[in-house]
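The values are calculated or read from the model by the stated rules, or taken from the named source; none is laboratory data. Note that this is a predicted model, so its numbers are computed, not measured. Cβ sites come from the backbone with ideal geometry, for glycine too, and all protein chains shown count toward neighbours.
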């Protein structure tokens, strides 16, 4: 299993809160509307056919998570707009589970998004008629969407290749597990195999140095109290030592684990 986050991008919301927030259809409609133009509470109320109080409740959730913000005169209610850039991708297959997302607050300085940054300001400025400018921008968006579709096709092929390698890897891991680890009544039954899966499914994170703390987070996906966490870490360390004894590419050096390949 795998959950990845962009280290360079500051996170403003936990993964669980993010999925819960986007799982609500009313909030998705609100975000869809605000992504086009700012709306007031009363405008959203009319569009959605629900009370202003209900709209406020949804907006409070989005606002508290830094996804939207209120602009304009507060005395007159103001309007709401999108505040953060958010991208999320979920891959679920019989052999692989991955969630990758990043979230960045939009800079208040609108000039931070400029045509000069993408190299087409000269051509755009040479176009005089507004209609021609619109056609130019529309064509650029269309070209980008075409490129994105091509990337998605290529990504689909790469995911199929990845699935093929994972299946072969699982076959080896399952055989190794049966021969070396299987302990029917053990309190950590199946944990050995899950450790192997986690290490190999997260090659970017565990390619060289292996952090036990990060590994425990990947394995258990929950906030553990100190006592439970220490016991989990002890189990993982013990199993890592067992694996290291017969896998000559897994080494421990002063409590620092790494792959030697």
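For segment 142-261, please list each of the helices (runs of 4 or more DSSP H) lying entirely inside it that holds at least 2 residues being within 26 Å of residue 98 (Cα to Cα), modelled with pLDDT of 80 or more and outside the structural domain of residue 93 (by TED's automatic domain parsing).
So the answer is 191-201, 212-220, 226-246.
State yes or no: is residue 62 part of a helix (DSSP H, G or I) and in contact with a strand residue (DSSP E or B) (Cβ under 6 Å, 6 or more places away or on another chain)?
Against the criterion (part of a helix (DSSP H, G or I) and in contact with a strand residue (DSSP E or B) (Cβ under 6 Å, 6 or more places away or on another chain)), residue 62 qualifies.
May I ask you to say which residue of 89, 70 is in contact with a strand residue (DSSP E or B) (Cβ under 7 Å, 6 or more places away or on another chain), under 30 Å from residue 173 (Cα atoms) and either surrounded by 14 or more Cβ atoms within 10 Å (Cβ to Cβ) or modelled with pLDDT of 80 or more (or both)?
Criteria check complete, one pass: 89.
Those residues that are over 31 Å from the mean Cα position of the chain (by Cα) and surrounded by 12 or more Cβ atoms within 10 Å (Cβ to Cβ), I need them from segment 245-261; list them, please.
Matches in segment 245-261: 247 only.
Starting from residues that are free of Cβ contacts under 8 Å to residues at least 24 places away in the same chain and outside any loop (DSSP other than H, G, I, E, B), keep the ones in segment 65-79 and report whichever is nearest to the chain's Cα centre (by Cα).
69
Quickly run through segment 92-109 and pick out the residues that are under 18 Å from the mean Cα position of the chain (by Cα) and within 30 Å of residue 170 (Cα to Cα).
92, 93, 96, 97, 98, 99, 100, 101, 102
Residue 82 - would you say it is closer than 17 Å to residue 31 by Cβ and in contact (Cβ under 8 Å) with a residue 60 or more places away in the chain?
In short, no.
What pairs can you find where one residue is in segment 7-29 and not assigned by TED's automatic domain parsing to the domain that holds residue 220 and at pLDDT below 85, the other is assigned to a helix (DSSP H, G or I) and surrounded by 14 or more Cβ atoms within 10 Å (Cβ to Cβ), and their Cβ atoms are less than 8 Å apart, with a gap of 6+ or different chains?
Every condition considered, the pairs that remain are 13/21.
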